[in-house]
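Report on the structure given below.
Please treat every number below as a calculation from the coordinates, not as lab data. Predicted model, so just to flag it, every value in this text is computed and none were measured. Because the Cβ atoms are built from the backbone with ideal geometry, glycine has one as well, and the counts that use them run over all protein chains shown.
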């Protein structure tokens, strides 16, 4: 790969990793915090657990997709 292609690959991986972080925080951690503080509109404990787990798995999956993008680069 050329240096330009390497930089594009790194940029794409960084973008995907940023989305993964946002998914984990917004979909996984925020509902859990809202539920623990008893904020209005917070779902039940079971719903928070399932939704939080789904967002966490989605974010983790995107993180590993970003890692796969970087795997094709030369050291």
So the angle from the long Cα axis of helix 3-23 to the longest Cα principal axis of the chain, reported in degrees to the nearest 10, equals 0
Grab the DSSP H runs of the chain that are 4 residues or longer, score each as -39,500 (n - 2.57), total them, divide by all residues and round the 222 nm result to the nearest 500 deg cm²/dmol. -25000 deg cm²/dmol
C-alpha long axis of helix 45-71 to longest principal axis of the chain, angle in °: 0
Inter-site label distance for residue 54 and residue 29 at 7 Å from Cα along Cβ, in nm: 2.2
With Rg and the Kirkwood Rh both taken from Cα atoms, where does Rg over Rh land for the chain? 1.21
